[in-house]
Ligand SMILES: [Zn+2]
């Protein structure tokens, strides 16, 4: 069986570097505040009139702020496998950016395996597959696992 | 205090899933409020409606819709939309009109009907819409409430049993409330037996959506005196502040928080009551009871702390001690809260004030809190909308 081609589930939100992927955010050229997803027009810092942003790779590790799971199949536009397999979700704090980012946690890691403060790293994984391709997203993975 | 206005009438339509037009609920609530105030509908000079986004054009112009349904009599109208805080914004509009001397008596009213079937995200691929992205990635509404609940467990040692106690307490409160939708004394076992939705929250930890309607008649203190109601319950403060950048807590429908790297991170929920306390010249230590937006059981605990009614992390202990029950030292959600009502967005903030008014008048029947002098409400919705209202004797 030939491997399907891999495509990002959302274009431009992360690098497709399977080894060391990064989320792609932006940084205000005036005040230096970070955005994810990318801010393109006007800075949201009320003390800043910045209108220029540079694309930045966000830290690819962080600490668990909180976590949960999804026991029921979400509605569309989620594309669920049949039968539906519950998945874990984590909110991870990036230290340099002082920002919390949500994401699914890799398969095999349950709510009972996580703790606040646990070190997590960003990985790429399949969100779903269609006939032509494998749709890729970022997921969080415990550094120790 | 010169900024006080009087609440001389309150009225509600029972919450439920009645499948009727929202106008019917609002008119019933309004008529009850007018009767309660002992005035004539034709005495009302301003109708301040809270909009609903689910019922087409009549919902967008709710103020006019209700004025027409009650019988056009020339009153000026206004419509407010601010998600869960719509009712408070409608009240703020009425208060501004009264305090500026433009009118003496106003009707504040909101009602909603639940959509048929599930509330599904809009169709079509929209990668620029954060709401589309988060659903595509499998992040649903309960995800956010579950993250807040788990954060409490991790930070303060709260347990799922604590959350269940909130549900049991609210079920007990709402049991005798004629306007509540769910009137059953659920037990901790019932909660534990309900399906897990988003760990640690079970189905019975999360509130439903309902039909309902609520209304207030508010007026100037002079008018209240003129009609012999100088000792009516008063609105002491209304806060409808927006968040301050940078927001430190992940909020629906976002994938990430603001960055606190350059600007200090802020909590929106905690900011809401601050303006209300300042405006009223009343502190958390003066509060007799509170109606808070328990979209989940665990969120009720966050609110108790955001209202500064206890130290951060201590709310679960209050619940364990029974302090938040009617009869305890700080009763929370004496109406039964969203746990017993289910959310009817434009009516909910108004219904919170109805409950506090009954309590402060001593008319809450089986739910009556002894020596209720000052009450506070709190709610928060999407897009930086939220409110906190203080009422006093
Ligand atoms: Zn800036």
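Each reported figure results from applying straightforward, stated rules to the coordinates on display, with no laboratory input. These numbers were taken from a predicted model, which means no experiment stands behind them. Here Cβ is always computed from backbone atoms with ideal geometry, including for glycine, and neighbour counts include all displayed protein chains.
Overview of values
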quantity	calculated
A:127, B:360, B:295 arranged by Cβ crowding within 10 Å, fewest neighbours leading	A:127, B:360, B:295
CD proxy at 222 nm, helix term only [per DSSP H run n ≥ 4: -39500 (n - 2.57); per residue of the protein assembly as shown; nearest 500]	-8000 deg cm²/dmol
Relative contact order [Cα under 8 Å, 6+ residues apart], region B:236-393, whole percent	30 percent
Region A:59-142, relative contact order [Cα under 8 Å, separation at least 6], %	32 percent
Counting DSSP beta bridges with both ends in chain B, the antiparallel % (nearest 5)	65 percent
Where only C-alpha atoms are counted, convex hull volume of region B:128-286 per residue in Å³	208 Å³
Hydrodynamic radius by Kirkwood, which averages 1/r over all alpha carbon pairs of region B:128-203, in angstrom	14.2 Å
Cα long-axis angle, helix B:86-99 against chain B (0 to 90 degrees, to the nearest 10)	30 degrees
Fluctuation leader among B:260, B:124, B:56 - chain B, Gaussian network, Cα springs under 10 angstrom	B:124
Kirkwood Rh, Cα atoms: Rg over Rh of region B:248-324	1.01
Antiparallel DSSP beta bridges within the protein assembly as shown, as percent of all bridges there, nearest 5	75 percent
Relative contact order (%) - chain B, alpha-carbon pairs under 8 angstrom, separation at least six	25 percent
Shielding by other protein chains, B:243-253, mean Cβ within 10 Å	3
Kirkwood Rh and Cα Rg combined as Rg/Rh, the protein assembly as shown	0.99
Alpha-carbon spread of region B:234-393, three principal axes, descending order, Å	50, 32, 30
Region B:327-393: radius of gyration over Cα atoms, expressed as a fraction of 2.2 N^0.38 Å	1.12
Cα-based radius of gyration of chain B once divided by 2.2 N^0.38 Å, which approximates compact folds	0.94
Unit Cα scatterers, Debye sum, chain A: log10 I(q)/I(0) for q = 0.13, 0.15 Å⁻¹	-0.65, -0.84
Fewest-first sequence of B:303, A:138 by Cβ atoms within 10 Å of each Cβ	A:138, B:303
Rounded to whole Å, sorted largest first: equivalent-ellipsoid semi-axes of region B:45-172, Cα gyration tensor	37, 23, 14
Sites residue A:19 and residue A:54, calculated FRET efficiency, Cβ-Cβ separation with R0 22 Å, nearest 0.05	0.40
Distance histogram for region A:59-142 (every C-alpha pair counted, 10 angstrom bins, percent rounded to whole numbers)	18, 48, 28, 6
Listed residues B:23, B:218, B:345, most fluctuating in chain B (Gaussian network, C-alpha, under 10 Å)	B:23
Within a Gaussian network of chain B (alpha carbon springs, distance under 10 Å), most fluctuating of B:12, B:204, B:153	B:153
DSSP beta bridges in region A:59-142 [antiparallel fraction, %, rounded to 5]	95 percent
